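Enquirer: Got a structure here, written out as C-alpha cells. Questions coming.
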Amino acid sequence: MLYLIGLGLGDAADITVKGLEAVKRCSRVYLEAYTSILTVGKEALEEYYGKQLILADRDLVEQGADEILKDADVTDVAFLVVGDPFGATTHSDLVLRAVHAGIPYRVIHNASIMNAVGCCGLQLYNFGETVSLVFWTETWKPESFYDKICKNRRAGLHTLCLLDIKVKEQTVENMMRGKKIYEPPRFMTVGQAADQLIQIIRRRREEGEEGEEGGLTEDTVCVGVARLGSEDQRIRAGTLSQLVSCDLGGPLHSLVVTGRLHPLELEMLRVNAEPEALRHLEQEAGN
C-alpha cells in the first residue's frame, strides 16, 4: 500500500500516532522536500521515526513517481508531506498513478496552514480563495494574486497568502548548460510579501485604479504569521505598510489580508496588533 502521511506544522512530534505507526511498518519512506519545511531537519525526523528517509524533490515526485511506487503493491511505502497531504498543495498525480497501477493507497491527515491560520483570530469560514505570492524577478512580476485578493475583499472575505519557497532552484545559465548547481534556499517573508503588494497598489494608483471596490491600500489591516505550530510561532497584526518592516524571524511565513471583520475577530486581532494598527482596528469596529 502507498501511505500519504501528513506531518503537521511544527517538529517531528507533530505526526499523528496513526501516521507514526504506518511509517514504522513501511519498507521505504519518502520525505517530500519542496513545498514546505518543518522547524527540524531530516536527521531529527529519522531519529524520532526510527526510519531512514529518502528526500523527494520536485523532479522525483513529478518525473520519477514510478520509482516511489515501485513494489508498493507488495510492500508498504510512505510518502511524507509537511502539513496535510492535500493541504497547501495537492499530490493528486501520485494518487492517480497508484490507482492506475492497481496500488491501494491510504491518506493519514494532519494539521496544515489552511486550518491552523485560524489561530490568528480570524474565523476560518470567513476566508475566500487562497492565493500564492511568488518571488518577482526583473522581467517577471505577476499580479494575478492581487486581483483574487480584491475579489475576496469585495465579498467581505479574508485571504490567506501562501508565500514562495525556492528549494533546489537553478539559475537559467546553469540550467541551459546542464550543470547540477543549485541556488541557496529562499523563503519569502511577510515583509517581502507586503512590499510586493504595496508596489502593486502604487502602480495601479498611478494608473487611476485607486478607487476600485475591494482594492487594498497601505492601511489595509493584515496579519503576518510565522512558524505556526512551533513553540516560537509569531503572529502580528498591522497595516500593510507596517508589516513591510516587521521581522517575524525564520521561515515559514504566511500573510493574511483581512476582509470584513466580525467584532469577535477585531477583539482577537487586538491581542497581536502593532500599536499603530489599533487605530485602524478601531475604525473597522466603527464601520
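Values in this text are rule-based calculations from the coordinates and carry no lab data. Worth saying up front: this structure is predicted, and the values here are computed from it rather than measured. With ideal geometry, Cβ positions are generated from the backbone for all residues, glycine too; neighbour counts draw on all protein chains shown.
Enquirer: Pairs of Cα atoms under 8 Å, at least six residues apart: use those to get the relative contact order of the chain, whole percent. Numbers along the way, then the final one.
Expert: Details: 527 pairs, mean separation 53.3, N = 287.
Relative contact order of the chain: 19 percent.
Enquirer: Residue 188: net charge of surrounding residues, Cβ under 9 Å, Lys/Arg +1, Asp/Glu -1, itself excluded?
Expert: Numbers: positive: 166, 186; negative: 164.
Neighbourhood net charge equals +1.
Enquirer: Right, here's the next one. Once you sort the root eigenvalues of the Cα gyration tensor of the range 1-47 as a ≥ b ≥ c, which label holds: rounded (a/c under 1.5), prolate (a/b larger than b/c) or oblate (the other case)?
Expert: Taking the square roots of the gyration eigenvalues as a ≥ b ≥ c, the range 1-47 is prolate.
Enquirer: Can you compute the modelled spin-label distance between residue 124 and residue 138, with each label point 7 Å from Cα toward Cβ, in nm?
Expert: Going by the 7 Å Cα→Cβ label model, 4.5 nm.
Enquirer: Please report Rg (one decimal) and Dmax (integer) in Å for the Cα set of the range 1-101.
Expert: Cα only, the range 1-101: 12.4, 35 Å (Rg, Dmax).
Enquirer: Here's a follow-up. In the range 43-170, what is the count of Lys pairs whose alpha carbons are under 28 Å apart, counting only pairs at least 8 residues apart or on separate chains?
Expert: Going through the range 43-170 pair by pair, I get 9.
Enquirer: Note down the net charge around residue 259, summing +1 for each Lys or Arg and -1 for each Asp or Glu among other residues with Cβ under 9 Å from its Cβ.
Expert: Values: positive: 153, 154, 260; negative: none.
Within the 9 Å Cβ shell, the charges total +3.
Enquirer: Compute the relative contact order of the range 1-159 as a whole-number percentage, counting only Cα pairs closer than 8 Å that sit 6 or more residues apart in sequence. Write out the running numbers ahead of the final one.
Expert: Working: 238 pairs, mean separation 47.9, N = 159.
This gives 30 percent for the range 1-159.
Enquirer: Quick one: the Cα spread of the range 26-72 along its three principal axes, in angstroms, biggest first?
Expert: That gives 27, 24, 9 Å along the principal axes, largest extent first.
Enquirer: If you put +1 on each Lys and Arg Cβ and -1 on each Asp and Glu Cβ, how big is the dipole of the chain around its Cα centre, in Debye rounded to 20? Walk me through the numbers before you get to the answer.
Expert: Details: 31 positive and 43 negative charges, 91 e Å.
Dipole magnitude for the chain comes out near 440 debye.
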